[in-house]
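To start, the structure itself, in structure tokens.
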Amino acid sequence: MICIPIIANNLDDALQDMKEASKVADIIEVRLDYLKKPDLKCILERRTKPVIITNRPVREGGKFEGSEEERISVLKLAIQLQADYVDIEHDSIQSIPGDTARRVPTKTIVSYHNFRETPDNLIPLYQRLRQSGADVVKMVTHANTITDNVKIYRLLQQAHGHLISFCMGECGMISRILYKKFGGYLTFASLRKGKESAPGQIGIQDLLTIYQPQRQGKETDVYGLIGNPVSHSISPLIHNTLFKEMNLKSTYVPFKVENVGDFIQAFRELDVKGYSVTIPHKESVLHHLDALEPMAKKIGAVNTIVNKDGQLIGFNTDCKSAIQALEDLLQTSGMGTENDHFTGRCVTLLGAGGASRAIAFGLQERGAHVTVVNRKYERAQSLARDVGCLSREFGDLPEIKTDILINATPAGMFPVVNETPVDKNQLKPNMLVFDTIYNPAETRLLREAKAQGCKIVGGLPMFVNQAAAQFELWTGIKPPLKLIEEIAGKKLLGE
């Protein structure tokens with residue numbers, strides 16, 4: 001079930017939000033602690049979906065500042081008025097006599113919140129909460145790292161009866177999305193932005209349209225994006241739409257990862273079927289995989305991981321996808337020949353990370369003269385040695401002969417869209433400028449390059465090509481490029 005919390009501070013707004021939420025939610029939580037003058041009788045009479053009545057005290061992250069006796073009396077009234085559920089804190093459950101609850105149809109939820117961390121062993125606490133006699137146990141903790149979600153997964157796997165459990169915070173968002181896969185009783189989603197009742201709560205529209213929990217179950221295969229940041233990515237929308245179109249019981253979620261080694265080790269337990277890998281983990285993840293396909297091994301960077309019977313195999317689809325995007329532009333602009341697009345061309349490559357490695361190897365193989373430029377010159381030198389090309393310091397940019405300029409740094413990526421890796425005066429009309437960033441679709445670098453008369457290509461064609469290649473590696477099914485382009489275009493360009 002999906003529950004939408006109502007956190008309005010007055011009755012009229014609360015009733016309006018309840019009406020709106022009832023169109024999409026399975027159940028609604030009314031947070032009385034947010035309301036200045038709650039009219040419980042009116043709220044329950046106007047409900048059209050099952051309602052959870054919560055009156056959360058400050059000590060448990062709520063807003064109620066009155067006496068404990070006053071707070072509990074409101075919850076007892078909710079039971080007398082036959083609310084569908086009443087949420088009672090773990091240290092207050094004894095204030096609601098069991099026989100009081102049993103005389104009416106109201107179900108009780110005993111809740112525990114930890115806003116600091118996710119403890120290592122949650123089972124003893126769960127067992128104590130179960131002994132309260134409540135119909136549903138709720139255990140919500142804060143995720144300080146992505147691996148805290150595995151603790152919640154373990155708890156849900158061992159639980160008996162109805163358990164609501166997930167992690168708060170950005171790192172815990174996946175436990176909210178994967179609640180059915182994990183075995184949770186329900187999840188919470190906000191009515192809209194600004195209406196969140198807890199950190200990390202996803203909006204109901206994003207939950208339904210991007211992650212489609214209505215298609216999820218314990219047997220669902222999980223895929224996801226490893227990176228930091230990941231909030232800008234449209235990969236979940238792309239792959240989840242493809243899964244739906246291909247009628248595959250699979251879902252794709254973002255994993256905000258800081259320590260990739262700890263993540264890979266911990267998430268083997270969840271048997272994730274495949275990963276996309278983005279900044280900053282394309283190189284470091286190599287050391288935590290079971291095998292590499294030849295191109296990934298040669299490049300020294302991975303952007304795709306396939307789980308083959310428990311063995312994690314690394315692939316690189318960036319190289320082919322980037323080269324294809326450049327070839328298409330050269331062909332359509334008349335700047336290239338049919339079979340020889342890059343031989344003898346001077347390519348200046350900005351960046352020395354995983355995407356840069358893939359592009360540098362691909363272009364060098366095709367006869368281009370590649371020069372790697374990076375703010376940390378030692379990294380540029382290291383990549384140039386591996387590829388067998390040139391490296392220069394960032395301050396040398398004006399002196400470098402450039403036919404094709406490629407940005408493979410995050411400069412200009414959402415949300416820092418006003419950044420650019422180079423001064424516009426260094427862009428010349430005869431250049432081809434390729435920005436590997438796809439969000440936004442047209443970066444500041446591309447806008448300024450176009451104004452200078454350059455031929456430009458953004459990261460979207462590369463993204464579409466590599467997304468299709470990843471999907472095929474995971475599923476064995478070749479998805480239609482046109483569909484991926486349409487989905488991405490609607491999201492990025494508002495088409």
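The values are calculated or read from the model by the stated rules, or taken from the named source; none is laboratory data. All figures in this text were calculated on a predicted structure; none of them were measured in a lab. Virtual Cβ from ideal backbone geometry, glycine too; neighbours counted across all protein chains shown. The protein model used for the area step is the full one, side chains on, heavy atoms only, and it has no ligands, DNA or RNA in it. Shrake-Rupley method; radii C 1.70, N 1.55, O 1.52, S 1.80 Å.
So if we plug the beta-carbon distance of Ser132 and Glu419 into 1/(1 + (r/R0)^6) with R0 = 45 Å, what FRET efficiency do we get, rounded to 0.05? Taking R0 as 45 Å, the efficiency between Ser132 and Glu419 is 0.25.
Between Ser231 and Met246, the simple label model (points 7 Å from Cα in the Cβ direction) yields a spacing of 3.0 nm.
Inter-part distance, the stretch 247-265 to the stretch 120-148, computed on C-alpha centroids, equals 23 Å. Put a dot 7 Å past the Cα of Ser284, heading toward its Cβ, do the same for Gln331, and the two dots end up 3.8 nm apart. Working note: Karplus 6.51/-1.76/1.60 with θ = phi - 60° gives the stretch 153-164 the couplings 4, 5, 4, 5, 5, 9, 6, 10, x, 7, 10, 9 Hz, where Gly and Pro are set to x.
Counting other C-beta atoms within 10 Å, and keeping those with at most 13, which DSSP coil trypsin sites (Lys or Arg not before Pro) do you find in the stretch 391-495?
Lys401
Here the stretch 343-474 is treated with +1 on each Lys and Arg Cβ and -1 on each Asp and Glu Cβ, and its dipole about the Cα centre works out to around 160 debye. Over the stretch 104-166, accessible surface divided per residue gives 44 Å², non-protein components excluded, 1.4 Å probe. From most to least packed by mean Cβ count within 10 Å, the peptides 140-151, 246-257 give 140-151, 246-257. Evaluated with a Cβ-only charge set (Lys, Arg +1; Asp, Glu -1), the chain carries a dipole of roughly 580 debye about its Cα centre, given to the nearest 20. Using a ≥ b ≥ c from the Cα gyration tensor of the stretch 311-370 (square roots of the eigenvalues), is it rounded, prolate or oblate, where a/c under 1.5 gives rounded and otherwise the larger of a/b and b/c decides, a/b for prolate? It comes out prolate by the Cα gyration axes.
Dipole orientation for the stretch 145-193: of the candidates His160, Ile146, Tyr179, Tyr179 has the Cα lying most toward the positive pole (charges on Cβ; Lys, Arg +1; Asp, Glu -1). Distant-in-sequence amide contacts of Ser190, defined by a placed amide H-H separation under 5 Å and a gap of 5 or more residues or a different chain, comprise Ile202, Gly203, Ile204. Loop-located chymotrypsin sites (Phe, Trp or Tyr not before Pro) in the stretch 111-177 (DSSP state other than H, G, I, E, B) with a sparse environment of at most 16 neighbouring Cβ atoms within 10 Å: Phe115. Where the accessible area of the stretch 3-102 is counted over protein heavy atoms with a 1.4 Å probe, how much of it, in %, is carbon and sulfur? Roughly 46 percent, rounded to a whole number.
The distance linking the stretch 186-213 with the stretch 1-55 is 16 Å (Cα centroid to Cα centroid, whole angstrom). For the stretch 279-368, the list of GluC sites (Glu not before Pro) that fall in a loop by DSSP and count at most 11 other C-beta atoms within 10 angstrom reads Glu338.
With a cut-off of 15 Å on the backbone N, the residues of the stretch 105-146 near the modelled label site 7 Å out from Arg59 along Cα-Cβ are 111-115. Summing charges over all other residues whose Cβ lies under 10 Å from the Cβ of Gly203, with Lys and Arg as +1 and Asp and Glu as -1, gives +1. The 3J(HN,Hα) values that the Karplus relation (6.51, -1.76, 1.60; θ = phi - 60°) gives for the stretch 269-276 are, in residue order, 4, 8, 6, 4, 7, x, 10, 8 Hz. Gly and Pro appear as x. 3J(HN,Hα) along the stretch 279-285, derived from phi through the Karplus expression 6.51 cos²θ - 1.76 cosθ + 1.60 where θ = phi - 60°, amounts to 3, x, 10, 5, 8, 5, 5 Hz, with x in place of Gly and Pro. Remark: for residue pairs Lys23/Lys491; Lys193/Lys491; Lys297/Lys478; Lys151/Lys478; Lys282/Lys308, the C-alpha separation exceeds 26 Å in Lys151/Lys478. Between Lys218 and Lys478, full extension at 0.36 nm per residue minus the direct alpha carbon distance yields a gain of 91.0 nm. Accessible surface calculations at 1.4 Å, restricted to protein heavy atoms, place the stretch 264-421 at 44 Å² per residue. Shape class of the stretch 219-290 from the alpha-carbon gyration tensor: oblate, with a/c at 1.5 or above and b/c at least as large as a/b. Excluding same-chain neighbours fewer than eight residues apart, the aspartates and glutamates reachable from Lys195 by a Cα-Cα span under 18 Å are Asp12, Asp13, Asp17, Glu20, Asp26, Glu29, Asp33, Glu170, Asp206.
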